[in-house]
Amino acid sequence: MKMRSIPVLVAGGGASGMVAAIEAAKLGANVTVIEKKNKPGKKILATGNGRCNFTNRNQEISCYHSSDDTLVQMVLQRFDHQKVIDYFWESGVMSKERDGYYYPLSGQAASVRAMLEREMDRYKVEVHCDETLQRIIPRKDLSGQNITGYEVQTDRDKYLVRKLILAVGGSAAPAQGTTGDGYRMLQELGVAIVPPLPALTSIELDDACCKLWSGVRIMGQVELWCEGSRLAEDIGEIQMVAKGISGIPVFQISGRVSRLLYQGKEPYLKIDVMPDHTKEQVMEELLRRVNTYGVGRSLGDVLDGMLPDKLAKALLLALHKSPGDGAEILQEDRWRNDLADQIKGKKLHIRKVSDFDKAQVTTGGVALSELQADTLELIKYPGIYVTGELADVDGICGGYNLQWAWSSGHLAGQSAACALKTKIRSRS
Ligand SMILES: Cc1cc2nc3c(=O)[nH]c(=O)nc-3n(C[C@H](O)[C@H](O)[C@H](O)COP(=O)(O)OP(=O)(O)OC[C@H]3O[C@@H](n4cnc5c(N)ncnc54)[C@H](O)[C@@H]3O)c2cc1C
């Protein structure tokens, strides 16, 4: 049976794949998208808690993690956050901003997904849902030296493809269709992959206190330490859960923890649950409480109104004390000092970073040294482009991962269409 020939095939109809398809089609290319799930862009619906934080005004390069800041910056600048906002507006999605974070004015992630689907329709992109890319086989010319295209095998068909945009995402949130397929297929072709690890997720701890504090939410600071050095810190609402800790400040450092654990290191965390007070102020406050109304009362009574009950119980555990014990010990410097140490910098031993099913993104992926910086084309495989989370680029929470998806999809889509046009022109 003769294989169908497709000029531009986009594998993966997620954030970057849809933008890539639209951009290639706008430049006149005949574009087909294959998407594993039953409709494109399903993950977008889950972003930003259903509100889709699609970009951020603050685009410092430190908000992204990769092995090549220059490449990432080049790609981001070509289709930067302001261009994304304008692009969305032109296509019908007005935006609202809060502290630099951008969301659709409708407050609905569904508006972003629907807009991208509408644009694909407007530019006559053919979309095949429930179809999974499985294998890529390079086709060579008679000399056996030059790649002329790719045979692409899916679970439904085989195609001859001139330009293949790989937008299949990473391994995070596998229920959304992203099961690391791209890494496997590219590894088979000898493309270097930086080990994919979970990021933007919770951290499981080796500490008996977790069972006691489950359900507590508190503003605090999380610090990441390794080999005696403080590597990172973040402040925000910490969520204490039965297996460990979660919340935005934990998410922000989780990718780094994943990488350190992968390297065989032993990182640990310190949490400060009263970040607006110095240790001295905490000690003074403990003394004031015990002296004013604490004698003859319990530690729980003295800590009430200062810390959530469950958290107080968890912190006292490290001192082998419980909330029912007498508060008089706090009249001694030693006990006040030890309790203030728990409040201002409790050390937490990490068991693991939560698995991919709980992670929002993947850190790691296609090594950036494999890519042409100005097109995102694979150097070893001309005609294959890599976008979004599949590449070794990840951002912190705040709209950065989608910004990378939009920027990389935009560049790859335009590059693929331009390369096709150049080839057609050079043949005629
Ligand atoms: C719960 C959650 C909340 C998030 N919130 C935000 C947020 O508010 N802001 C932000 O910036 N980022 C957020 N992210 C991250 C962001 O969604 C991703 O980084 C981004 O979607 C990646 O875009 P992508 O195009 O690379 O991949 P995806 O959007 O993951 O798309 C990949 C697509 O490829 C399809 N696919 C996979 N394998 C195959 C195959 N073999 N054949 C065919 N199709 C395939 C998948 O079904 C999927 O549709 C969130 C992620 C999650 C999970």
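A few points about this structure:
- Surface analysis of the chain yields an accessible area of 44 Å² per residue, using protein heavy atoms and a 1.4 Å probe.
- Rounded to 10°, Cα long-axis angle of helix 279-289 versus longest principal axis of the chain: 40
- Multiplying the residue separation of Asp374 and Glu151 by 0.36 nm and removing their Cα-Cα distance gives an extension gain of 77.8 nm.
- Built amide H within the under 5 Å cut-off of Asp325, gap 5+: Leu299, Gly300
- Looking at the range 29-63, the trypsin sites (Lys or Arg not before Pro) that sit in a DSSP loop and have at most 14 other Cβ atoms within 10 Å of their own Cβ are Arg57.
- Nearest 10 degrees, 0 to 90: helix 333-345 Cα axis against the chain principal axis: 10
- Once the chain from Met219 to Arg351 is taken as fully extended at 0.36 nm per residue, the excess over their C-alpha distance is 45.2 nm.
- For the chain, the longest principal axis of the C-alpha atoms and the axis of helix 400-427 are separated by about 10°.
- Pairwise label distance in nanometres, Leu319 with Ala46, each label 7 Å out on the Cα-Cβ vector: 4.2
- Helical contribution to [θ] at 222 nm, DSSP H n ≥ 4, -39,500 (n - 2.57), averaged over the chain, rounded to 500: -10500 deg cm²/dmol
- Where the Cα pairs of the chain fall when distances are cut into 20 Å bins, in %: 25, 46, 22, 7, 1
- Sulfur and carbon atoms: percent of accessible area, the chain [1.4 Å]: 48
- Part-to-part distance (alpha-carbon centres) for the range 369-428 and the range 97-140, which is given in Å: 16
- Taking 17 Å as the cut-off, the amide N atoms of the range 259-302 that come nearer than this to a point 7 Å along the Cα-to-beta-carbon line of Ile235 belong to 270-282.
- Extension reserve of the Ala175-Ala110 stretch, reckoned as 0.36 nm per residue once the Cα distance is removed: 21.6 nm
- In this simple spin-label model, placing a label point 7 Å from the Cα along the Cα-to-Cβ direction at both Glu227 and Lys39 gives a separation of 5.0 nm.
The values are calculated or read from the model by the stated rules, or taken from the named source; none is laboratory data. In this text the structure is predicted, and so the values were computed from the model without any measurement. For neighbour counting, all protein chains shown are included, and Cβ atoms are generated from backbone atoms with ideal geometry for every residue, glycine included. Keep in mind that these areas ignore ligands, DNA and RNA; they rest on the heavy atoms of the full protein, side chains included. Shrake-Rupley method; radii C 1.70, N 1.55, O 1.52, S 1.80 Å.
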